[in-house]
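Q: Can you read through this structure? Questions will come right after.
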Amino acid sequence: MKQVAAFLHIFIFILPILIFIQCNGSSNQKPLNVDELLVNTKTLAGETVIVEGICTHVCSKSGMKLFLQGNDETLSIRVESDATLGKFNPEATGEKVRVRGRLVEEPTGEPATHHDHEAELTDSTETVHCEEEGAAAPSYHIAATSYQILE
């Protein structure tokens with residue numbers, strides 16, 4: 001009986017410590033801005049990252065891609081959603097957004113996938129690439145697992 005009581009006391013003492021360590025370990029990751037991410041793509045490829053930036057565009061055709069811009073307005077990174085996360089909120093455009101996901105390196109020699117919009121002309125069936133696609137870092141994108149529009 002004394003062994004059981006001693007075990008319970010130790011368990012009750014150690015359990016909060018283990019929970020505290022686990023919680024601090026997962027939330028210890030500091031959000032990067034887009035500029036920091038683009039500078040460190042080689043070392044962060046394949047890793048889960050948290051990135052904050054201004055959403056410059058949400059694809060109006062599929063809603064599954066958005067583009068984040070940092071301080072340098074000429075650079076952005078493409079963020080892709082999947083069926084689990086669903087479509088990005090179009091109201092994110094122009095807002096600061098935080099994205100969590102895996103930084104994915106595009107296969108060498110293959111161009112980044114474009115998202116096409118139908119041409120605005122009524123007599124044309126051709127598609128045009130979104131203007132944001134060219135400014136995105138061409139060899140990396142973020143496979144998003146969650147996102148949040150920040151106030």
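Q: So how far apart, in nm, are the two label points at Q148 and I50 if each is 7 Å from Cα heading toward Cβ?
A: If labels sit at Q148 and I50, their model points lie 0.7 nm apart.
Q: How many nm is it between the label spots at T41 and E95, if each spot is 7 Å from the Cα in line with the beta carbon?
A: Reported label-point gap for T41 and E95 is 2.7 nm.
Q: How about K61: which lysines have a C-alpha closer than 29 Å to its C-alpha, ignoring those fewer than 8 places off in the same chain?
A: Output for K61: K87, K96.
Q: Highest mean first, how do 68-79, 90-101 rank when packing is the count of other Cβ atoms within 10 Å averaged over residues?
A: The densest-packed peptide leads the list: 68-79, 90-101.
Q: Can you check what the net charge comes to around E151, using other residues whose Cβ is under 14 Å from the Cβ of E151 (Lys, Arg +1; Asp, Glu -1)?
A: -1
Here, each number is a calculation from the coordinates, and none is a lab measurement. Bear in mind that the values here come from a model prediction, so they are computed numbers and not experimental data. So basically every Cβ, Gly included, is an ideal-geometry build from the backbone, and we count neighbours across all protein chains shown.
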